[in-house]
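The values are calculated or read from the model by the stated rules, or taken from the named source; none is laboratory data. All of these numbers come straight from a predicted model, not from anything done at the bench. Positions of Cβ are backbone-derived with ideal geometry, glycine not excepted, and every protein chain shown enters the neighbour counts. All accessible areas refer to the heavy atoms of the entire protein, side chains included, with ligands and DNA or RNA removed. Shrake-Rupley method; radii C 1.70, N 1.55, O 1.52, S 1.80 Å.
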Amino acid sequence: MNEKALKTLEYTKVIEKLEKLAGSQLGKEKCRALVPLSDTEEIRTLQEETASALNRIYRKGSLSFSGIHDIRGSIKRLEIRSTLGMGELMHISSVLTASEHIKSYGQQEEGVEADALSERFRLIEPLKSINREILRCLLSEDEMADDASPGLKSVRRSIKSTNDKIRDQLNSIINSQDNKIILQDNLITMRDGRYCIPVKSEYKNSFAGMIHDQSSSGSTVFIEPMAVVRLNNELRELAIREKEEIEKVLESLSQMLFNETANLKYNIDTIAEFDFIFARGLLAKSMKASKPVFNDKGYINIKRGRHPLIDEKKVVPIDITLGGDFSMLVITGPNTGGKTVSLKTVGLFTLMGQAGLHIPAFDGSELSVFKEVYADIGDEQSIEQSLSTFSSHMKNTVSILEKADESSLVLFDELGAGTDPTEGAALAMSILTYLHNRDIRVMATTHYAELKLYALSTPRVSNACCEFDVETLSPTYKLLIGIPGKSNAFAISKKLGIGDEIISMAESFIGTRDKSFEDIIGGLEKSRRNTEKALEEAENIRKEALELKLKWEEKQRKLDNARDRVLAEANEKAARILQETKDYADESIRKLNKLSLSGQSMKEMEQERSSLRTLLQEKNAGLAVKNTPKKKSKKKPEEVKIGDDVHVLTFDVDAKVATLPNQKGELYVQMGAMRTQVNIKDIEIIEKQPVEEKKIHTGAGGIAMSKQISISPECNIIGMRVDEALPIVDKYIDDAYLAHLPQCTIIHGRGTGALKSAVHSHLKKLKYVKEFRLGSFGEGDQGVTIVVFKEK
């Protein structure tokens, strides 16, 4: 790409923003060197890298690259087997530490597909063991640990011991009363790496030792006492040995890295590349940018594009297409309306996209790959070259016409301006026609009405305008494609205070054709605004309807889930309760049978039935889903009579009243062969259905039919005395026989057996009784007698 276009379209300012987001100097170098590419595959690769970095930033946060040093020089020294210094080794350690952190950051997550960076993350080799050894031996860039090697530890121990001996010796000298007069100060100092004490000049010959220095005034000499000369010599020798041991450690550490230069080179190159890639990702995040789709057909479709260098709170998104139905776009409209910004947005997006940067536009925006972008934008007046604005623009235009081809994007701002309007418009149409005939993608801004007509009359050339609100005298910065712009000079002037007389006179100077054209444009713009308003309202209604639909579906889904969950829990709980109840009932029946066969008392059997009733009441109360309770009896206790048919709500079975209720409302009912106590609140009276009146029959047939309609298949005499029960049984047996029942049941209960014996004696006397027997299991057992009649 030519440097002039990069500067004119402010691509360099975007690169400056990118550079600030890089953490290392190596990454910043790569950012500064970034230029647009023209190879489609390379561009797509860069875009995939940026997208992968952006996705990782959103998932895991940003990756830090600060504090990473450039070790390429150290790697070259290692390649020729040179020993590195402590500073170089610490720089390599920082790179290895960063490599370990970066490799950990890039580990493949479960359920997340590999991206364009995964393989490079995998190939990073942090050399953990070598890095740990470097950090163990080196404390900083100029300090080595005592434990770096046994030899170094021993030497430093000897140095410390010798230092202590020297200080002890010197302290004894300066603290001696004999030396108080000859010493200038009671302190120990260093001169040329040897311990000395300050002695007054007049006593230098009387104090045994070596003079190493004197003060600037000459009043003090610094003497090394003879008593510590040997120790100082030992200390100097130990310092030499310490340096040798340090060199051995550095050589050992360097040897560990001799065979790892390839890994070190890959690590530093990859870290620099990652810094560069993640800077692009951070830039995309800060601009709320998306990855553009690229083609090689010269087609551009920018959706809600925002110029990246304008404050995001002020910038107005625009939609621009070029290269589809038209290959040239002529933009008109008032000054400061956004024409130049639209032009720069297209050019800058093209440069950014081809450099691998995401663009601040909606997802799905499409760009074409151009080999060159040419831009003639802004005031090109040059005082040094004695060129006017028009001449400067023409010079740029000449260069563009010579170099542009079908793989170029050409941008003109105010083409043909700066000279006579008639000649300028003619020249502008001629230039546009020349480029259009060569099928070059062109965008141009202008104020010339002739260019509006040119765009309307030329195939594959379209008008566009930047919308202007006459009421507020301010642009809306919206780009409208397909509609030529109106200058609005008269409306603006009138709004600013120019009189109607002057405005009318100005309008009379415009030709009828030009005036009609402006009126048509005004009508088109008004229609367009009304249409856009209607479409916006329709879209808002559609969005509201969709939102309501989604809310309703979500609510319905939650209700369905809640219902299914409640039903499932209720069914599960009910099944569990029923199973427990069944098991308990089975066990109770076994106990009752056992008590009956063993002749146990009625009290024990009643206790067992009471336990069963209590359990059933508890289980019924614990059911999650209950049936609608049946309407309970409204009869008072004194209104219930023996023999009334009732429904026991607790057991959900029908029964007959066996005793009248006591003061607490408790009474006994007979449920088949089982007699149990219930409360009157737990029963409801079964109302007998009125029998439909039928024609009265006479004779035996009529009697039989009447009996058959009203007779019950059982007669309950529980709780009665023998003298009360036998007449009832005798009448019931007659009625049952007349009703042609094949058999009937006498319910007398177990009790003492008196009722059963009396009934059996009476049945033996009746001629129409074929046989009788006690009930079997399920019929009432010993508590009932089954009577079988003879056939007539």
Report, by residue number, each residue of the stretch 111-146 that is in a helix (DSSP H, G or I), under 22 Å from LEU89 (Cα atoms) and open to solvent by 90 Å² or more (accessible area, probe 1.4 Å). LYS128, ARG132, ARG136
State yes or no: is SER290 more than 21 Å from GLU406 (Cβ to Cβ) and not aliphatic (A, V, I, L, M)? yes
Can you find even one residue in the stretch 327-338 that is among the small types (Gly, Ala, Ser), under 21 Å from ARG438 (Cα atoms), in contact with a strand residue (DSSP E or B) (Cβ under 9 Å, 6 or more places away or on another chain) and open to solvent by 30 Å² or more (accessible area, probe 1.4 Å)? no
Looking at the stretch 282-290, can you tell me whether even one residue there is on the phi > 0 side of the Ramachandran plot and among the charged types (D, E, K, R)? yes
For the stretch 687-739, give me each residue that is at pLDDT 80 or above, assigned to a loop (DSSP other than H, G, I, E, B) and loosely packed, with under 15 Cβ neighbours inside 10 Å. PRO713, ARG721
Among the helices (runs of 4 or more DSSP H) confined wholly to the stretch 31-110, which include 3 or more residues that are among the hydrophobic types (A, V, I, L, M, F, W, C)? 40-60, 86-105
May I ask you to verify whether GLU569 is on the phi < 0 side of the Ramachandran plot, modelled with pLDDT of 80 or more and either within 41 Å of the chain's Cα centre (by Cα) or surrounded by fewer than 14 Cβ atoms within 10 Å (Cβ to Cβ) (or both)? yes
Do the conditions hold for GLY424, that is, is it under 20 Å from THR340 (Cα atoms), open to solvent by 50 Å² or more (accessible area, probe 1.4 Å), at pLDDT below 90 and of a type outside the set (Phe, Trp, Tyr)? no
With the condition kept exactly as written, say whether any residue in the stretch 587-597 is assigned to a helix (DSSP H, G or I), out of contact with any strand residue (DSSP E or B) (no Cβ under 7 Å at 6 or more places or on another chain), at pLDDT below 60 and of a type outside the set (A, V, I, L, M). yes
Looking at (1) out of contact with any helix residue (DSSP H, G or I) (no Cβ under 6 Å at 6 or more places or on another chain); (2) open to solvent by 40 Å² or more (accessible area, probe 1.4 Å); (3) closer than 24 Å to ALA53 by Cβ, which is the only condition LYS291 fails? (1)
Kindly establish whether PRO225 is open to solvent by less than 30 Å² (accessible area, probe 1.4 Å) and in contact with a Ser or Thr (Cβ under 6 Å, 6 or more places away or on another chain). no
Write out, first by first residue and then by second, each pair whose Cβ atoms fall under 6 Å of each other, whose residues are 6+ apart or on separate chains, and whose first residue, in the stretch 287-301, is farther than 19 Å from ILE57 by Cα while the second is open to solvent by 20 Å² or more (accessible area, probe 1.4 Å) and part of a loop (DSSP other than H, G, I, E, B). PHE294/VAL369; ASP296/VAL369; TYR299/GLY324
Step by step: first the residues of the stretch 194-222, then only those that are open to solvent by 30 Å² or more (accessible area, probe 1.4 Å) and in contact with a Ser or Thr (Cβ under 7 Å, 6 or more places away or on another chain), then the one that is farthest from LEU235 (Cα to Cα). Which residue is that? SER219
Take the stretch 209-238 and flag every residue that is in a helix (DSSP H, G or I), touching a helix residue (DSSP H, G or I) at 6+ places or on another chain (Cβ under 7 Å) and either polar (S, T, N, Q) or within 19 Å of THR189 (Cα to Cα) (or both). ALA227, VAL228, LEU231, ASN232, GLU234, LEU235
Residues satisfying the stated conditions in the stretch 752-792, i.e. part of a helix (DSSP H, G or I) and at positive phi: ASP781
Would a scan of the stretch 48-58 turn up a residue that is surrounded by 14 or more Cβ atoms within 10 Å (Cβ to Cβ), touching a Cys at 6+ places or on another chain (Cβ under 7 Å) and at pLDDT 90 or above? no
